[in-house]
1. Restricting the search to the range 61-107, which residues are among the basic types (Lys, Arg), modelled with pLDDT of 70 or more and not in a helix (DSSP H, G or I)?
2. Within the range 32-45, does at least one residue satisfy the condition of being within 33 Å of the chain's Cα centre (by Cα), at pLDDT below 60 and more than 30 Å from THR125 (Cα to Cα)?
3. Out of all the residues in the range 6-31, which are at pLDDT below 70 and surrounded by 12 or more Cβ atoms within 10 Å (Cβ to Cβ)?
4. Identify, please: which residue in the range 110-128 is at pLDDT below 85 and of a type in the set (Gly, Ala, Ser) and is, among those, least open to solvent (accessible area, probe 1.4 Å)?
5. Are there any pairs, at least 6 apart or on different chains, whose C-beta atoms fall under 7 Å, with the first in the range 159-183 and β-branched (Val, Ile, Thr) and the second open to solvent by 50 Å² or more (accessible area, probe 1.4 Å), and if so, which?
6. Within the range 160-173, identify whether any single residue is loosely packed, with under 15 Cβ neighbours inside 10 Å and among the acidic types (Asp, Glu), and answer yes or no.
7. Looking at the structure I just gave you, is ALA147 in contact with a Ser or Thr (Cβ under 8 Å, 6 or more places away or on another chain), at pLDDT 85 or above and not polar (S, T, N, Q)?
Amino acid sequence: MMTMKKIVILSAAATLAIFTMASQAQEATKPATDIATESSEVAATTTESEAAALVEKKAEEVIAEDSDQVKKLIALYPKLISRIAPYGKVCFDGEECDINITVLAAAVEGEARPGDMLYKAICATCHDAGLIGAPKIGTADWSSRIAKGKDTLYNHAINGFNAMPARGGADISDDEVKNAVDYIISQLQ
């Protein structure tokens, strides 16, 4: 019985969302055609740059407001907007980002790269921001993990644990993984 209620509620929500999108599309196309008509009339009496500026100004004025159906849907499901919000963003060169990616220098054969270099290039992506539950570096998040011992930390880092991929998703040696783990531990002390 409980699953039937859920199905009915989800069906109603989906139907409401479809009708809302359709009504918003109709509302959005109506002003756009008005703008196009006005722009062709204005173009006959003004220069191109003046016409473009007027059309741009009119387009900015036409901002669709949420319909009553959308407002009701948001009221019924207050966490809806946060659930469908984007998780991340695309950053371009020169913009400030939440995550900075560092290129890892090539390894010299027979030598393991230092832990700080490996951390900055591989581990920092998740452990600086705390992505997907990753413990943030230099915080008390590590206390319980360190209490389990270095061997456990090395094992989890090398073989993967929960959402963390093996070796942080990189092609590095066991010694390099251990150097990175040692660096993370040193940041807590």
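1. Just the residues of the range 61-107 that are among the basic types (Lys, Arg), to begin with: 71-72, 79, 83, 89.
Restricting the remaining residues to those that are modelled with pLDDT of 70 or more gives 71-72, 79, 83.
Hit for the range 61-107 is LYS79, nothing else.
2. So in the range 32-45, the residues within 33 Å of the chain's Cα centre (by Cα) come out as 32.
Now narrow it down to the ones that are at pLDDT below 60: 32.
Going one step further and asking which of them are more than 30 Å from THR125 (Cα to Cα), we end up with 32.
Yes, because at least one residue in the range 32-45 is within 33 Å of the chain's Cα centre (by Cα), at pLDDT below 60 and more than 30 Å from THR125 (Cα to Cα).
3. Matches in the range 6-31: GLU27, ALA28, PRO31.
4. Top of the filtered list is ALA112.
5. Correct list of pairs: VAL177/ARG167.
6. yes
7. Numbers: in contact with a Ser or Thr (Cβ under 8 Å, 6 or more places away or on another chain): no; at pLDDT 85 or above: yes; not polar (S, T, N, Q): yes.
Here the answer is no, as ALA147 does not meet what is asked.
The values are calculated or read from the model by the stated rules, or taken from the named source; none is laboratory data. A quick note: this is a predicted structure, and the numbers were derived from the prediction, not measured. Quick reminder, even Gly has a Cβ in these numbers, built from the backbone with ideal geometry, and neighbours come from all protein chains shown. Side chains are part of the model used for accessible areas, which takes the heavy atoms of the whole protein and leaves out ligands, DNA and RNA. Shrake-Rupley method; radii C 1.70, N 1.55, O 1.52, S 1.80 Å.
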